[in-house]
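The structure appears right after this line, and notes come after that.
What follows is calculated from the coordinates using simple rules that are stated; it is not laboratory data. Predicted, not measured: the structure shown is a model, and the values here were computed from it. FYI the Cβ positions are ideal-geometry reconstructions off the backbone, even for glycines, and counts take in every protein chain you see.
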Amino acid sequence: MSNDTRVNTKVVAVTLGVVGSLYLLGISIIAMSSEAYGHNVAEFIMTVYPGYALSLVGIIYGMFWAFLDGAIFGVVFSFIYNQVLKCPCFK
């Protein structure tokens, strides 16, 4: 395996941040438009992300935290992935 398979840390971080934000937006829209679906997930997210609520401002706060959460995971994942590729067992 060559070094060509390394991933760009910034791209992975931004991509996972955007995916996390869009996921939270989707869950929020479903929970706001339905009486039965998404409320349990939204209530759980409220305990994890400070400021998140089923309102416009609350969703923006939640999307910020979801982006930050996804970006941090992306940095950690891509760093570990690239370090594993440096292992001599892959050469």
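Suppose the filter is of a type outside the set (Val, Ile, Thr) and either surrounded by 11 or more Cβ atoms within 10 Å (Cβ to Cβ) or within 17 Å of the chain's Cα centre (by Cα) (or both); does Leu22 pass it? Yes, satisfied.
Test Ser33 against the criterion of being more than 24 Å from Val84 (Cα to Cα) and surrounded by fewer than 11 Cβ atoms within 10 Å (Cβ to Cβ), and give yes or no.
On the way: more than 24 Å from Val84 (Cα to Cα): yes; surrounded by fewer than 11 Cβ atoms within 10 Å (Cβ to Cβ): yes.
Answer is yes for this residue.
Annotation note: of Thr47, Thr9, Thr15, the sole residue that is within 19 Å of Val57 (Cβ to Cβ) and either loosely packed, with under 12 Cβ neighbours inside 10 Å or polar (S, T, N, Q) (or both) is Thr47. If you check Met63, Met46 for being farther than 30 Å from Thr5 by Cβ and in contact (Cβ under 8 Å) with a residue 40 or more places away in the chain, only one passes: Met63.
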